[in-house]
1. Report yes if some residue within the stretch B:30-47 is out of contact with any Pro (no Cβ under 6 Å at 6 or more places or on another chain), among the hydrophobic types (A, V, I, L, M, F, W, C), within 14 Å of chain A (Cβ to nearest Cβ) and in contact (Cβ under 8 Å) with a residue 40 or more places away in the chain; otherwise report no.
2. Quick check: anything in the stretch A:477-484 at negative phi, away from chain B (no Cβ under 14 Å) and in contact with a Lys or Arg (Cβ under 8 Å, 6 or more places away or on another chain)?
3. For the stretch A:375-422, name all the residues that are under 15 Å from A:Ser360 (Cα atoms) and acidic (Asp, Glu).
4. Restricting attention to the stretch A:436-463, and to residues there that are over 18 Å from B:Gln158 (Cα atoms) and small (Gly, Ala, Ser), which single residue is farthest from the other protein chains (Cβ to nearest Cβ)?
5. For the stretch A:255-286, enumerate the residues that are part of a strand (DSSP E or B) and within 10 Å of the chain's Cα centre (by Cα).
6. Which residue, of A:Thr393, A:Thr364, A:Thr358, is at pLDDT 95 or above, closer than 18 Å to A:Ser479 by Cβ and surrounded by 23 or more Cβ atoms within 10 Å (Cβ to Cβ)?
7. Please determine, by comparing only the residues of the stretch B:86-118 that are under 24 Å from A:Arg462 (Cα atoms) and of a type in the set (Asp, Glu), which one is surrounded by the fewest Cβ atoms within 10 Å (Cβ to Cβ).
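The values are calculated or read from the model by the stated rules, or taken from the named source; none is laboratory data. Note that the coordinates shown come from a computational prediction; the quantities given were computed from them, not determined experimentally. Glycine gets a Cβ as well: all are built from the backbone with ideal geometry, and neighbour counts include every protein chain shown.
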Amino acid sequence: MSTTQDTIEALAQREYKYGFVTDIEQEFAPPGLNEDIIRFISAKKGEPDWLLEWRLKAYRHWTELYEAKGEPQWAFLPYGYGPIDYQAISYYAAPKQRPESMDEVDPELLRTYEKLGIPLEEQKWLAGVAVDAVFDSVSVATTFKKELEKHGVIFCSFSEAVRSHPELVRKYLGSVVPHTDNFFAALNSAVFSDGSFVYVPKGVRCPMELSTYFRINAAQTGQFERTLIVADEGAYVSYMEGCTAPMRDENQLHAAVVELVALDDATIKYSTIQNWYPGDEKGEGGIYNFVTKRGKCQGHNSRISWTQVETGSAITWKYPSCILQGDNSMGEFYSVALTNLRQQADTGTKMIHIGKNTKSTIVTKGISAGQGHNSYRGMVKILKGAENARNFTQCDSLLIGDRCGAHTFPYIEVKNKTARMEHEASTSKIGEDQMFYCQQRGIGLEDAISLIVAGFCKEVFRELPMEFAVEAQKLLSVSLEGSVG
Amino acid sequence: MLEIKNLHASVEGKEILKGVNLKVGAGEVHSIMGPNGSGKSTLASVLAGRDGYEVTAGQVLYKGKDLLEMEPEERACEGVFMAFQYPVEIPGVGSVQFLTAALNAIRKHRGKEEYDALEALTLFREKLKILHMSDDLLGRSVNEGFSGGEKKKNEIFQMAVLEPSLAVLDETDSGLDIDALKVVADGVNALRGPKRAMLVITHYQRLLNYIVPDYVHVLVDGRIVKTGDKELALHLEEHGYTWAGERALADAAGSKA
């Protein structure tokens, strides 16, 4: 059977296919973090004073946290990491040429996105998906803007939203994730450079999928984007994000904040495929992904649904959460997290039930391969006034090989006796028997693993928009290559 | 079709097969019988290429090619099918998806065009009809929550779809009630053909009332000690395996003398 072993090893050597670097002229902020840098970023973007003040307030708070105890230490990251030298990072990197329209976008950038499978020319897209492309610190292009405007939907880069719709930004920025929320949210609030902004007006069902594609390119930089999505009364929007980065020996920091606000009867579906560079099998390089994502079901009958497929990053620290404030509101979290190589993921969700008859569903699938460690950390909190709250949680872990780990940290806090909670958990291994069964039917090793893993993740994949589901399944197969043996 | 020459194989360092010789021609059905621990399932596993079975000597030729050099999936693509004694469950993987993947892997290997979902489904329904099996298994995950009988029927169904040249049935009758046994046997009989060879491994003669083999071989302690026609199976039923073993010893002693 030594040939099987060889194939596996050959596959393991295969490279992360998004690891290329785009050679393009960029301008950078000098490395370092201080009030001048923040003023520099704010000035670069021509921001109003209130926003600069908000950033500075966040920065001062972050400095206090940094000096008091530094980064939060409670995540389960057995290999450790860092230290992160916040003064060595450049907080702003942007292509020099600033296009006014799509025709002026640097062809090198267009080629980059093309290579990533994200053509920015509208005619090349499947009808029905609008894209905002964020390259390092800035948004380089947004497609289908005019089409969306017809329906009153605002979809643009965060910087543009600050200029064109300051009243909306000012009203909602920090309303779900305040700058004091946590260490990384404070850092993001101080230095965020760009991201996407979405506003869907009353009663409008957004006519196409919205999507943002994040790309880290430059070395020694971090990416700190901020996304804000507001669905007004009765509105519906489905939003997807994807991310990749070049392969580098250094670790790069990604600290994003996403805020969602759903008013009465509104629905937001938010899907992520996270494929930042994971580092190599020795644990060198890779993105440190410290992200705060939270949605507020502010109105009654509102609904927020998070679906995530996390395959990249050296470290993933991420808990997309829902505050179920409106009566009858509903929060959902569907997650597939895969750790291969020496990746570490501590990810899960928080469901905070405040309103009456609120419902939450959590379905997570953790896949550990190689020497990866995968933790589910989730909190379900039923507050006193949340009559008849319901939660269903299901956490499943799949282990491939015997050098990886799966861990679960569920926290449940119930302050109302009418609550109904269900929690199911399972851990299983891909058996040699299952593999052999597939092979005996003619299915090769790689395809067999994909098939078995896809079966394991089925409940989550069916929550993804169609285009994404196919992509997610492919990505999972690629990320698992070389994981058996 | 299949030629096994002086095959020795060990599991975890313990020699199980101690020189098996066997020739199976196209269109023939051979039955391998033997007591528990005689090496029947080991033989099946070695033919299919399961990990953990070390071939220490001998050769297996399949259609003139060295079978032992091939990966398990390659063997399958070349037309070797094994009906498992204990088919595994693969949760969440739909039977249709699984079998389509298998079918297309094999078709691709043979340079044939792959089937689309509809073509595959049509084929599956056709085969189920021939086998008089219900198509409700198509809507379920592979073997998940199947009864023992359903699992074995599913193996026969997969065999019908994949149309192997050499089918190895590893104790397909174990754990079946008489009705399930008949369905399985009818399925196997329906798949008999001039181009297909079958190796039916069984502990009991019962199955051979329904699948009538051309040859019966008795495997005892890692060697084939006796070969005959279907009458041999009946004789075994009456006298037990010890008889065959002793006869073989006596024969061996006789030939030495």
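1. yes
2. Residues of the stretch A:477-484 at negative phi: A:477-481, A:483-484.
Now drop any that are not away from chain B (no Cβ under 14 Å), which leaves A:478-481, A:483.
Pick out the ones that are also in contact with a Lys or Arg (Cβ under 8 Å, 6 or more places away or on another chain) and you get A:478, A:481.
Yes; the residues of the stretch A:477-484 include at least one that is at negative phi, away from chain B (no Cβ under 14 Å) and in contact with a Lys or Arg (Cβ under 8 Å, 6 or more places away or on another chain).
3. Within the stretch A:375-422, A:Glu387, A:Glu413, A:Glu422 meet the criteria.
4. In this case the residue turns out to be A:Ser450.
5. Of the stretch A:255-286, the ones part of a strand (DSSP E or B) are A:257-262, A:267-274, A:286.
Correct list: A:Val257, A:Val258, A:Tyr270, A:Ser271, A:Thr272, A:Ile273, A:Gln274.
6. On the way: A:Thr393 fails: closer than 18 Å to A:Ser479 by Cβ; A:Thr358 fails: closer than 18 Å to A:Ser479 by Cβ.
Only one candidate passes the filter, namely A:Thr364.
7. Residue satisfying both the conditions and the ranking: B:Asp116.
Listed here are the residues, each with its yes/no results for (1) at pLDDT below 95; (2) outside any loop (DSSP other than H, G, I, E, B).
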position	(1), (2)
B:Phe157	no, yes
B:Leu176	yes, no
B:Lys182	yes, yes
B:Gly193	yes, no
